[in-house]
Amino acid sequence: VKAVTKEREYIVQHTLKELCGMVGEGFSFCHRSCLVNLEHVQLIFGVKVTLDNGEELVLSQKRGKSFRLDMKAYAQSIGHPIGKRKRTGRKKT
């Protein structure tokens, strides 16, 4: 497993499943081979997850719903609740 931080990249001798158990809350899988620190998620749009460093990751169809739920729970836990955006536009006449 390759672990990437702001400063370095590390080779870790654990499986992603083991790492997930070690890191606990605040991390989620965007697809089966990528565990993401939710603190660094800047945007989720469609199937793309954009991190605060500009890197874009693909959000798998299988894990998309659980990733979004994890992100919502994380945001609420740090006091930034998120929900569906209200659409603004013209009123129907």
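The values are calculated or read from the model by the stated rules, or taken from the named source; none is laboratory data. Everything numeric in this text was worked out from a predicted model, so none of it was measured. Positions of Cβ are generated from backbone atoms using ideal geometry, with glycine treated the same way; all protein chains shown enter the neighbour counts. Keep in mind that these areas ignore ligands, DNA and RNA; they rest on the heavy atoms of the full protein, side chains included. Shrake-Rupley method; radii C 1.70, N 1.55, O 1.52, S 1.80 Å.
When the dipole is taken about the Cα centre of the range 23-83, and only Lys, Arg (+1) and Asp, Glu (-1) are charged at their Cβ, what size is it in debye, to the nearest 20? Write out the running numbers ahead of the final one.
Details: 7 positive and 6 negative charges, 80 e Å.
Dipole about the Cα centre, nearest 20: 380 debye.
For the chain, take every pair of Cα atoms, bin their distances at 10 Å starting from 0, and report each bin as a whole percent.
14, 44, 29, 8, 3, 1, 0
List the residues, sorted by chain then number, that are 5 or more residues from F27 or on another chain and whose placed amide H is less than 5 Å from its amide H.
L38
As I understand it, the value is the acute angle between the Cα axis of helix 64-77 and the longest principal axis of the Cα atoms of the chain; what does it come to in degrees, rounded to 10?
Orientation of helix 64-77: about 90 degrees from the principal axis.
Can you sort F45, F67, F29 by solvent-accessible area, 1.4 Å probe, largest first?
Working: F45 145, F67 0, F29 40 Å².
Accessible-area ranking of F45, F67, F29, largest first: F45, F29, F67.
Taking only Cα atoms and a 10 Å spring cutoff, compute GNM fluctuations for the chain and point out the largest among G46, G26, G64.
Largest GNM mean-square fluctuation: G46.
Please give me the summed charge of the neighbours of R32: other residues whose Cβ is under 11 Å from its Cβ, Lys and Arg +1, Asp and Glu -1.
Working: positive: K17, K62, R63; negative: none.
Net of charged neighbours comes to +3.
Considering only the other residues whose Cβ falls under 13 Å of the Cβ of R63, what net charge follows from Lys and Arg at +1 and Asp and Glu at -1? Don't jump to the answer; show the numbers that get you there.
Details: positive: R32, K62, K65, R68; negative: D70.
Its environment carries a net charge of +3.
Quick check on the chain: helices-only [θ] at 222 nm, where DSSP H runs of length 4 and up contribute -39,500 (n - 2.57) each and the sum goes over total residues. Nearest 500, please.
On the way: 2 runs with 22 residues, N = 93.
When only DSSP H runs of four or more count, the value is -7000 deg cm²/dmol.
Which peptide among 47-58, 5-16 comes first, and what is the full order, when sorted by highest mean count of other Cβ atoms within 10 Å? Before the final figure, lay out the partial values.
Details: 47-58: 13.5, 5-16: 8.9.
Result, highest mean first: 47-58, 5-16.
Top mean-square fluctuation among S77, S66, S28, Gaussian network model of the chain, C-alpha springs under 10 Å?
S77
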